[in-house]
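To keep things clear, I will list the structure first and then write my remarks on it.
The values are calculated or read from the model by the stated rules, or taken from the named source; none is laboratory data. These numbers were taken from a predicted model, which means no experiment stands behind them. In this analysis, Cβ positions are derived from the backbone assuming ideal geometry, glycine residues included, and neighbour counts consider all displayed protein chains.
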Ligand SMILES: [Cu+2]
């Protein structure tokens, strides 16, 4: 949910701090605040980052029963899609995409049948509650 308003409120806080503190301290605070502002700006530009996948990108695992994808923002399940392809680029049949009952940032996609050994590619398209859409791809190996 980071947006330009967050960046501006950070700048306002920075301006207040700067008027009160000693020069050396002030310098350190300005540097720290600048880093924070850049971090927020970066977040605003990249919506719905995939924070953690299960399986993780590049991981070798036993056949997973489901994909569990944790994002940086709340997801709209009905407008988000995950497609999986397996060995020989064959598309893998998955069950409906749902959200974890405990967190709207966690997407669950069950496998319909046991995943055969080989390389898998996950392509995701997420719509977030703020109306933005993001795509991504990662791979994992089933041993
Ligand atoms: Cu957004």
The correct count of residues that are surrounded by fewer than 17 Cβ atoms within 10 Å (Cβ to Cβ) and within 16 Å of residue 138 (Cα to Cα) in segment 91-128 is 6
So which residues in segment 118-143 are away from the ligand (no atom under 16 Å from the Cβ) and within 15 Å of the chain's Cα centre (by Cα), if there are any at all? 122, 123, 137, 138
Options 45, 39, 28, 33; residue that is buried (at least 16 other Cβ atoms within 10 Å of the Cβ), over 13 Å from residue 115 (Cα atoms) and at pLDDT below 95: 33
Scanning segment 100-117 for residues that are closer than 15 Å to residue 66 by Cα and in a strand (DSSP E or B), which turns out farthest from the ligand (Cβ to nearest atom)? 111
Is it the case that some residue within segment 118-125 is on the phi > 0 side of the Ramachandran plot and part of a strand (DSSP E or B)? yes
Condition test on residue 15, is it farther than 16 Å from residue 115 by Cα, assigned to a helix (DSSP H, G or I) and at pLDDT below 95? yes
Odd one out for residue 136 among (1) surrounded by 15 or more Cβ atoms within 10 Å (Cβ to Cβ); (2) under 14 Å from residue 65 (Cα atoms): (2)
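Quick one: in segment 76-99, which of the residues that are in contact with a helix residue (DSSP H, G or I) (Cβ under 9 Å, 6 or more places away or on another chain) and without any contact (Cβ under 8 Å) to a residue 24 or more places away in the chain is farthest from the ligand (Cβ to nearest atom)?
Step by step, filter segment 76-99, then rank; the result is 96.
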